[in-house]
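**Q** Encoded as structure tokens, here's the structure I'll be asking about.
The values are calculated or read from the model by the stated rules, or taken from the named source; none is laboratory data. Model, not experiment: these values are computed from the prediction. Note that we place each Cβ from the backbone using ideal geometry, even for glycine, and neighbour counts take in every protein chain shown. The protein model used for the area step is the full one, side chains on, heavy atoms only, and it has no ligands, DNA or RNA in it. Shrake-Rupley method; radii C 1.70, N 1.55, O 1.52, S 1.80 Å.
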Amino acid sequence: RESARKTFTRRKSAAEEESRLSRRSSGPRSPVTAGAVAGGEVDAVALQCDIDCVFETAAIKRRAVGPKDVQIDVKYCGVCHSDLTFAVGATKDLGIPQHWPVVPGHEVAGVVVAVGSDVTKFQTGDHVGVGCMVGSDLTCRACKRGDENMCLNQVPTYGGALRKDDPICPVVEGSGETQTMGGYSTAMVVNEHFCISIPKAYPLEC
């Protein structure tokens with residue numbers, strides 16, 4: 001739908017909403033310093049759609065940064081045809097379960113603002129990307145040969161089922177969330193294994 005396409009591009013409005021919510025908070029927000037780990041769940045603003053494919057800004061929670069996680073300040077997110085397909089519920093015809101509201105987006109580019117204690121691939125200030133997956137079991141034969149996309153326990157960037165005991169993509173306690181939320185948001189927390197390094201000389205918007 002044309003109206004949905006226009007709404008997908010409203011990244012600026014999400015940022016403005018985050019700023020508004022910040023101003024309403026009681027007291028100043030603590031800055032994230034180099035190498036620091038966020039003390040708790042991460043506040044973010046997302047563009048989420050309902051079953052009628054109507055998009056609105058919404059305050060969401062990302063999980064606290066775990067030992068192998070990086071927290072990303074999302075700067076850009078591309079719009080893919082699969083985002084549209086998923087948003088309107090067409091994937092149900094393929095036997096893929098779907099629940100609303102949905103936060104699409106799997107072409108993410110941003111800046112690392114916090115890292116977990118066991119992260120080795122990234123540090124704060126690095127530019128990173130996130131693709132169509134944010135989790136897999138990392139133990140099966142497919143994962144061990146570098147084919148995580150063939151893993152039977154893979155977790156897509158949005159619409160993927162969450163399990164409380166999942167060490168890669170745990171559920172945010174008390175949030176009521178049951179599925180992953182994608183890059184149409186101001187922040188993400190992702191296991192470092194599923195982040196891609198982007199050279200700082202390369203424009204993030206490209």
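**Q** If we scan the stretch 157-165, do we find a residue that is assigned to a loop (DSSP other than H, G, I, E, B), open to solvent by 50 Å² or more (accessible area, probe 1.4 Å) and in contact (Cβ under 8 Å) with a residue 24 or more places away in the chain?
**A** No: zero hits.
**Q** Among the residues of the stretch 87-100, which ones are open to solvent by 40 Å² or more (accessible area, probe 1.4 Å) and in a loop (DSSP other than H, G, I, E, B)?
**A** Result: V88, G95, I96, P97, H99, W100.
**Q** Restricting to the stretch 109-154, name every residue that is assigned to a helix (DSSP H, G or I), open to solvent by 70 Å² or more (accessible area, probe 1.4 Å) and touching a strand residue (DSSP E or B) at 6+ places or on another chain (Cβ under 8 Å).
**A** Result: N149, single match.
**Q** In this structure, is A114 under 14 Å from V190 (Cα atoms), touching a Ser or Thr at 6+ places or on another chain (Cβ under 7 Å) and small (G, A, S)?
**A** Spelling it out, A114 is indeed under 14 Å from V190 (Cα atoms), touching a Ser or Thr at 6+ places or on another chain (Cβ under 7 Å) and small (G, A, S).
**Q** Out of S197, S185, which single residue is exposed (fewer than 15 other Cβ atoms within 10 Å of the Cβ) and in contact (Cβ under 8 Å) with a residue 12 or more places away in the chain?
**A** Checking each option against the conditions leaves just S197.
**Q** Let me ask something else about it. Determine if the stretch 69-79 includes at least one residue that is of a type outside the set (V, I, T), modelled with pLDDT of 90 or more, more than 16 Å from C195 (Cβ to Cβ) and not in a loop (DSSP other than H, G, I, E, B).
**A** Within the stretch 69-79, none of the residues are of a type outside the set (V, I, T), modelled with pLDDT of 90 or more, more than 16 Å from C195 (Cβ to Cβ) and not in a loop (DSSP other than H, G, I, E, B).
**Q** Is there any pair with a first residue in the stretch 38-54 that is part of a loop (DSSP other than H, G, I, E, B) and surrounded by fewer than 20 Cβ atoms within 10 Å (Cβ to Cβ) and a second that is modelled with pLDDT of 95 or more and of a type in the set (K, R) whose Cβ atoms are under 6 Å apart and which are 6 or more apart or on different chains, and what are they?
**A** Nothing qualifies.
**Q** In this structure, does V172 turn out to be open to solvent by 20 Å² or more (accessible area, probe 1.4 Å) and either under 22 Å from L47 (Cβ atoms) or in contact with a Leu (Cβ under 8 Å, 6 or more places away or on another chain) (or both)?
**A** no
**Q** Of these, V102, V74, which one is within 24 Å of K164 (Cα to Cα), in contact with a strand residue (DSSP E or B) (Cβ under 6 Å, 6 or more places away or on another chain), among the hydrophobic types (A, V, I, L, M, F, W, C) and touching a residue at least 12 places away in the same chain (Cβ under 8 Å)?
**A** V102
**Q** Checking L84 against (1) outside any loop (DSSP other than H, G, I, E, B); (2) within 25 Å of A64 (Cβ to Cβ); (3) open to solvent by 20 Å² or more (accessible area, probe 1.4 Å), which test does it fail?
**A** (2)
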